[in-house]
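The values are calculated or read from the model by the stated rules, or taken from the named source; none is laboratory data. Not measured: the values here are computed from a predicted model. Positions of Cβ are backbone-derived with ideal geometry, glycine not excepted, and every protein chain shown enters the neighbour counts. Surface accessibility is based on the protein's heavy atoms, side chains included, excluding ligands, DNA and RNA. Shrake-Rupley method; radii C 1.70, N 1.55, O 1.52, S 1.80 Å.
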Amino acid sequence: MTTDFAATKAMFDLPTGVIYLDGNSLGPLPKGVAERVGRAVTDEWGQMLITGWNKAGWMDMPARVGDRIARLIGVAPGTVVMGDTLSIKVYQALASALEMNPGRKVILSDTGNFPSDLYIANGLVRTLGQGYELRTVAPEQVLDAIDDTVAVTMITEVDYRTGRRHDMKAITARAHAVGALAVWDLAHSAGAVDCALADCDVDFAVGCTYKYLNSGPGGPAFIYVAPRHAETARPALSGWLGHEAPFAFDLDYRPGRGIERMRVGTPPILQLAALDAALDVWNGVTLADLRARSLHLTDLFIEGVEAACPDLALVTPRDHAMRGSQASFAHPEGYAIMQALIARGVIGDFRAPDILRFGLTPLYIGESDVQAAVAILKDVMDSRQWDRPEFKTRAKVT
């Protein structure tokens, strides 16, 4: 292993006395981010004003930062662009894929997918009408459900609740074998597992950056389009910055070259500055090391919790090939248990109806953190600290 994870941990501004196991929901603050955003505000916006679009390179940031993410998801530079939210990017990818497969009208997804993706797909098929449909099956049934009626598969690689990982290569190959396209959501993959989109021959992929990539709350999303589709995929959201010549202000839309056509509106410069700085953490990290360390930490956590807390039921796969970078356990009082843990300085989160979710992120979590978290969880369970009214009152964000 060549990656120094002690060095990466030192690059984060982690609160004292906190074991942070929720980077799968919101990554912590890397130390260089505040200074970089401060410069973007005071030196660039403050002093350059509108000339910052040229002088500070703002207009090129979506592509430049996209190239940095490309390495982390296993694709070439020039195939990823930043901007907008993940929901927007899901819509773009789905709509483009459907248009490229006009003889078919079925989007295939699974019941473990993040609900927002399903909402977007449902909204799209309602808009299209004419027999378009979203078809969902159980996660383990996806491969067998891909037939010659399917236009596009829409799968989130790692299940947000359980951490179950789909076989991207097998599902994509099956989709292509029957004439379908494959869209992948990498919300719980990018920065968590060893993505290999090019090797898997993926058509489209989308993802957010505020989880394992640590861009901060509301950080921008990204979209990948395979090079073979880059000049033919038509963007459903034909925004002005996806135009071939945005500042010609033509009344007729002409898509830009390659991935640039997937830009929509004005890029969020301050959020991109935060992400750009956050990605510096990855400069000395190899994805093979990240994956090996992640599996070691999740194994250690699962073994510890199962030995210390028999009332918690593991819902994350034990099989390494089927696991992301989190461990989830079920308990009828999952919400209250998580609130009691947070009160003790161990921050995970809860997902309805009964899942305690823990992200194990090697960039800033080590063996001692895992062992301490298990010990605190055992104490919370043994002493029933969770069985207090204040831990059972649900907040807006769980």
> Since Thr298 meets every condition but one in (1) hydroxyl-bearing (Ser, Thr, Tyr); (2) open to solvent by less than 30 Å² (accessible area, probe 1.4 Å); (3) more than 13 Å from Ala373 (Cα to Cα), which condition does it not meet?
Replying inline: (3)
> Is it the case that some residue within the range 358-381 is more than 22 Å from the chain's Cα centre (by Cα), open to solvent by less than 10 Å² (accessible area, probe 1.4 Å) and within 21 Å of Ala192 (Cβ to Cβ)?
Replying inline: yes
> Out of (1) assigned to a helix (DSSP H, G or I); (2) open to solvent by 40 Å² or more (accessible area, probe 1.4 Å); (3) of a type in the set (Lys, Arg), the odd one out for Arg291 is which?
Replying inline: (2)
>> Looking at Gly216, Gly265 in this structure, which one is surrounded by 17 or more Cβ atoms within 10 Å (Cβ to Cβ), touching a Phe, Trp or Tyr at 6+ places or on another chain (Cβ under 8 Å) and in a loop (DSSP other than H, G, I, E, B)?
In response: Gly216
> Residue check: is Thr3 within 15 Å of Gly216 (Cβ to Cβ) and touching a residue at least 60 places away in the same chain (Cβ under 8 Å)?
Replying inline: no
> Going by the conditions given, is Cys200 modelled with pLDDT under 95 and either open to solvent by 10 Å² or more (accessible area, probe 1.4 Å) or closer than 22 Å to Val65 by Cβ (or both)?
Replying inline: no
> Restricting attention to the range 300-309, and to residues there that are assigned to a helix (DSSP H, G or I) and touching a helix residue (DSSP H, G or I) at 6+ places or on another chain (Cβ under 8 Å), which single residue is farthest from Met11 (Cα to Cα)?
Replying inline: Ala308
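Among the residues of the range 6-31, count how many are part of a helix (DSSP H, G or I) and either open to solvent by less than 20 Å² (accessible area, probe 1.4 Å) or under 20 Å from Met82 (Cα atoms) (or both).
Kept after step one, since they are part of a helix (DSSP H, G or I), are these residues of the range 6-31: 6-9, 31.
Cutting the leftovers down to either open to solvent by less than 20 Å² (accessible area, probe 1.4 Å) or under 20 Å from Met82 (Cα atoms) (or both) gives us 8.
Total satisfying the criteria: 1.
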